[in-house]
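What follows is a single structure, written as structure tokens, with notes after it.
Every number in this text was worked out from the coordinates using simple rules, so none of it is lab data. Just so you know, these numbers come straight off a predicted model, no measurement behind them. A quick note on method: Cβ atoms are made from the backbone with ideal geometry, for glycine too, and the neighbour counts reach across all protein chains shown.
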Amino acid sequence: MSRIIEFQNVSKAYGDLQVLKHLDMHVEAGEKLALIGPSGSGKTTILRILMTLETINSGHVMVEGDYLWHQKVNDELVPASEKHLRKMRENIGMVFQQFNLFPHLTAIANIEQPQILIKGVDKSDATNKARELLALVGLEEKENHYPHQLSGGQQQRVAIARALAMDPKIMLFDEVTSALDPELVEEVLNVLRLLAETSDTTMLTVTHEMNFARDFADRVLFFEKGQIVESGPPNEIFKNPKEERTRNFLRQIIGEIP
Amino acid sequence: MDQVLEYTPIIISGTITTIELTVASAIVALIIAFTVGLSRFSRFAAVRVAAVIYLEFFRGTSAIVQMFFMFYVLPLLGIHLSPLLAGIIACGFNLGSYGSEVVRGAIQAVPRTQHEAATALNYTSYQKFRYILLPQAIPVMIPTFGNLLIELLKLTAVASLITISDLTFMAQIIRVQTALTLEPFLVIMVIYFVIASCLVAITDFIAKKIAKGRNLTIRKGI
């Protein structure tokens, strides 16, 4: 296996608030990772840094062996240009907590437009792919609905289809069920479970749904205060955590004492 | 009143001039509004500063003075504009400055999360403006543009001061020739009101047309 993502000594602060502290972590190609931990522990920041929505203060982030936030100019490492970032973004897709569909476009147009504009795909190919993906997420009948005509769970499934249409090698899921009514959570999680089983895309998910993390992930990372406290396969982390802090967190979230 | 009716042809001619002046200035204003409004988001500081200077100058000085400047001062510099052209430019430039703030505000009102979604899909900054921000911002602009259009119609009355034969100019002529004051001004007041009502109806129609199928709340014009 090869390392598709690597954080090397990465720090990130918002003013005085240190969100990531000298973080080292890596992800193997094809790995399904669940990032868990209390709010403010830096999990979402990791996804946002990978999507180039947040910069880093120090350290290096490598994606597919190339610097994400830096580039080499005459053997010297300088901050990445927009052109470099655009190249790096080709391999990365993200699904947001608040769905962030484009409200002026129908469900199918939300999936078609980025393919046509960014990947230069023909309109008819883009439509075919959009229909395929809408079927995958169980929404083939909603293609002409505008986002406001869809439930939160449906909107989130369209957002997943939209991200998949770009064929990213890395998919980032940022608390994708946190904004949903409880009865809509499962329909979205089921799509993610299906993806985890059937796709060899590398996936990182930040989630508070521990049962889902158990099904979805090959490896679970427990974060606290911008650092990884514990990492391991779901069985280990959920059944037999080594660290007291992990145990405390799980006790609060699941309510049972592991 | 019968005396005023004799002047129907020149009132019609004045009405046409007023409408022409309004429509032509509105086109100029719209072009300026988008050019200046979008320039506020330029990556080049010089472009942003130029846009602010334009805005503050045309918003901060009197429209009548601007019009006099174009009609009386520019000829001294060797630039001769016809009265109608001077009126169109002055009205269009003036309202365009207000319009640019409408454009800027509507674009800024698009939530940050929409920018992030576009970035995550790897849109270029041009594609983001063209396909994500503007389509969401334009429906928000329409009702305010409607208000500005009515302001523009009223502003064109000032153009009579630089010899343009618009409605107000014609009313003055009738007053001078017939010694009647109430009647000509009452008539043109009604005509202005009717034109304004038509403009409101047109803007509302466009707003509804654009909002169709989307969940965009339409604020009523005026």
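Computed about the Cα centre, the dipole magnitude for chain B is approximately 1220 debye when only Lys and Arg (+1) and Asp and Glu (-1) carry charge, each at its Cβ. Anyone know which of A:Val220, A:Val95, A:Val191 comes out most mobile in the 10 Å Cα GNM of chain A? Comparing A:Val220, A:Val95, A:Val191 in the GNM, the peak value goes to A:Val191. By definition, a body whose alpha carbon gyration tensor gives a ≥ b ≥ c is oblate when a/c is 1.5 or more and a/b is not larger than b/c, and region B:2-211 fits this oblate description. In straight-distance terms, cross-link reach from B:Lys208 covers every one of the lysines whose alpha-carbon lies under 23 Å from its own, apart from those fewer than eight places away in the same chain; here that gives B:Lys220. Placing unit charges on each Cβ (+1 for Lys and Arg, -1 for Asp and Glu) gives region A:70-223 a dipole about its Cα centre, and among A:Leu221, A:Leu117, A:Phe173 the Cα reaching farthest toward its positive end belongs to A:Leu117. The mean count of C-beta atoms from other chains within 10 Å of the C-beta of residues in B:130-137, rounded to a whole number, is 3. Dipole orientation for chain B: of the candidates B:Ile162, B:Tyr7, B:Gln177, B:Ile162 has the Cα lying most toward the positive pole (charges on Cβ; Lys, Arg +1; Asp, Glu -1).
With a ≥ b ≥ c the root eigenvalues of the C-alpha gyration tensor of the protein assembly as shown, is it rounded (a/c under 1.5), prolate (a/b larger than b/c) or oblate? Judged from the Cα gyration tensor, the protein assembly as shown comes out prolate (a/c at least 1.5, a/b above b/c). Ignoring aspartates and glutamates fewer than eight residues from A:Lys169 along the same chain, the ones with Cα atoms less than 15 angstrom from its Cα are A:Glu6, A:Glu28, A:Glu31, A:Glu64, A:Asp66, A:Glu90, A:Asp200. Relative contact order for chain A: 24 percent, from Cα pairs under 8 Å spaced at least 6 residues apart, divided by residue count. With neighbours defined as other Cβ atoms within 10 Å of a residue's Cβ, the residues A:Lys119, A:Lys239 order from fewest to most as A:Lys239, A:Lys119.
Classify region A:116-258: rounded, prolate or oblate, from the alpha-carbon gyration tensor (a ≥ b ≥ c, eigenvalue square roots; a/c under 1.5 rounded; otherwise prolate if a/b is larger than b/c)? It is prolate, given that a/c is not under 1.5 and a/b is the larger ratio. Expressed in units of 2.2 N^0.38 Å, where N is the residue count, the Cα radius of gyration of region B:54-166 is 1.40.
Near A:Pro241: Cβ cut-off under 11 Å, other residues only, Lys/Arg at +1 and Asp/Glu at -1. The net charge is +1.
Dipole magnitude for the protein assembly as shown: about 720 debye, using +1 per Lys or Arg Cβ and -1 per Asp or Glu Cβ, origin at the Cα centre.
Straight-line reach from A:Lys239: taking Cα to Cα under 27 Å and skipping same-chain neighbours fewer than 8 places apart, the lysines in range are A:Lys32, A:Lys43, A:Lys225.
Counting charges near B:Leu55 (Lys, Arg +1; Asp, Glu -1) among other residues having Cβ under 10 Å from its Cβ returns a value of +1. When the helices of chain A are scored as -39500 (n - 2.57) per DSSP H run of n ≥ 4 and the total is divided over every residue, the value at 222 nm lands at -11500 deg cm²/dmol. Ranked by how many other Cβ atoms sit within 10 Å of their own Cβ, fewest first, the residues B:Thr15, A:Thr202 fall in the order B:Thr15, A:Thr202. Across the alpha-carbon set of region B:1-96, the Rg to Rh ratio works out to 1.13, Rh being the Kirkwood radius. Comparing B:Leu133, B:Cys91, B:Ser25 along the charge dipole axis of region B:2-211, the residue lying farthest to the positive side is B:Leu133, per the Cβ-charge model. Ordered by the number of other Cβ atoms lying within 10 Å of each residue's own Cβ, fewest first, B:Arg48, B:Arg43 fall into the sequence B:Arg43, B:Arg48.
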